[in-house]
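Working notes, structure below.
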Amino acid sequence: MQAALSRMRRASGLPVAFGGLLPADGHGRRLRIAELSGAATHALHGLVITAGSGLGGKSMALSRPCAVTDYHASRHISHEYDVAVAAEGLRAVLAVPVVVRRKVRGVLYAALREAMPLGDRALNAAIAAARDVEQSLAVQDDAQRLLAVAREPVAGPGAWELVRAAHSELRALAPRVVDPALREELVAVCGRLAAAAGDGPAPRHQPHVPLTPREVDVLACVAAGATNAAAGERLGLRPETVKGYLRSAMRKLGAHTRLEAVVAARRAGLLP
């Protein structure tokens with residue numbers, strides 16, 4: 001959120017940006033302003049915004065961007081938050097909802113300390129910042145969903161296929177997760193899944209194979225049946241780059257085919 005607000009200020013040219021998210025459980029219609037960028041006071045920090053109230057609440061309720069040329073004089077919004085807005089000295093304000101899978105998850109604001117129309121530059125910058133936050137939240141949601149799958153007890157070969165699919169997606173998601181604690185948990189869970197598949201550590205006769213994280217990512221996609229192009233799309237790599245990682249992994253594993261590489265990686269405890 002903080003990074004998105006900073007980018008929005010730079011791209012829009014507006015001096016103040018702030019925002020907040022709805023509770024992570026997806027319930028409720030109130031958000032708390034938690035992040036400020038360029039603010040001169042703390043008047044807005046911690047302010048609770050209710051859907052339908054004020055400019056941000058209107059944006060939440062309508063699920064679309066809303067703007068006012070002069071916040072205090074506007075007849076198109078309610079005025080529950082005038083004291084905090086006046087304390088910060090804001091006049092022209094823009095609010096853009098953060099929407100993930102058709103649900104409003106937060107609101108970003110950009111503002112000016114004088115009354116004047118906010119043009120397309122400000123609107124486009126705010127929308128782009130909201131999209132950045134939306135993508136991060138979507139990745140985080142997917143990561144939590146896959147972690148839940150990975151934590152389920154494994155019973156039978158059919159269940160292992162689900163776990164292997166989850167492992168592949170977790171490996172692909174981990175580099176895109178902004179939260180370092182969550183990213184570390186994803187990597188740790190992937191390691192546990194790979195070890196559990198072999199019912200413990202790799203056999204003593206199986207030498208350690210020093211594959212890079214990206215080589216393991218590619219092999220995880222290949223194990224799930226992905227082509228080089230599909231693996232590249234999932235991992236954010238070019239197909240030629242995927243091919244290079246796969247070739248390197250095969251050489252290290254002593255494999256001559258993609259299938260042999262996957263089997264060898266599983267025997268080495270690198271894949272579930």
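Derivation of every value follows stated rules applied to the coordinates shown; laboratory data play no part. Every value quoted in this text rests on a predicted model; they were computed, and no experiment measured them. As a convention, Cβ positions derive from the backbone with ideal geometry for all residues, glycine included, and neighbour counts pool all protein chains shown.
Loop-located trypsin sites (Lys or Arg not before Pro) across the stretch 2-56 with a Cβ neighbour count of 13 or fewer within 10 Å are lacking, with loop assigned by DSSP. Two decimals is fine: what is log10 I(q)/I(0) at q = 0.21 Å⁻¹ for the stretch 2-136, from a Debye sum with one equal scatterer on every Cα and no solvent? Here log10 of I(q) over I(0) equals -1.30.
Distance between the 7 Å Cα→Cβ label points at VAL83 and VAL48: 1.4 nm.
In straight-distance terms, cross-link reach from LYS58 covers every one of the lysines whose alpha-carbon lies under 22 Å from its own, apart from those fewer than eight places away in the same chain; here that gives LYS103.
Please report the base-10 log of the normalised intensity I(q)/I(0) for the chain, using a Debye sum with one equal scatterer per alpha carbon and no solvent, at each q in 0.07, 0.11, 0.13, 0.16 (1/Å). Debye curve over Cα of the chain, log10 I(q)/I(0) at q = 0.07, 0.11, 0.13, 0.16 Å⁻¹: -0.37, -0.71, -0.83, -1.04.
Going from the residue with the fewest nearby Cβ atoms within 10 Å to the one with the most, SER37, SER168, SER78 rank SER78, SER37, SER168. Annotation: amide H of VAL98 within the under-5 Å range of ARG105, GLY106, VAL107, LEU108, sequence separation 5 or more or interchain, hydrogens built in the peptide plane.
State, to one decimal in nm², a quarter of the convex hull surface area for the C-alpha atoms of the stretch 1-76, i.e. the direction-averaged projected area.
Numbers: hull surface 22.2 nm².
Mean orientational projected area (the stretch 1-76, Cα hull): 5.6 nm².
Only helical runs count toward this figure. For the chain, summing -39,500 (n - 2.57) over DSSP H runs of n ≥ 4 and dividing by all residues gives -16500 deg cm²/dmol at 222 nm.
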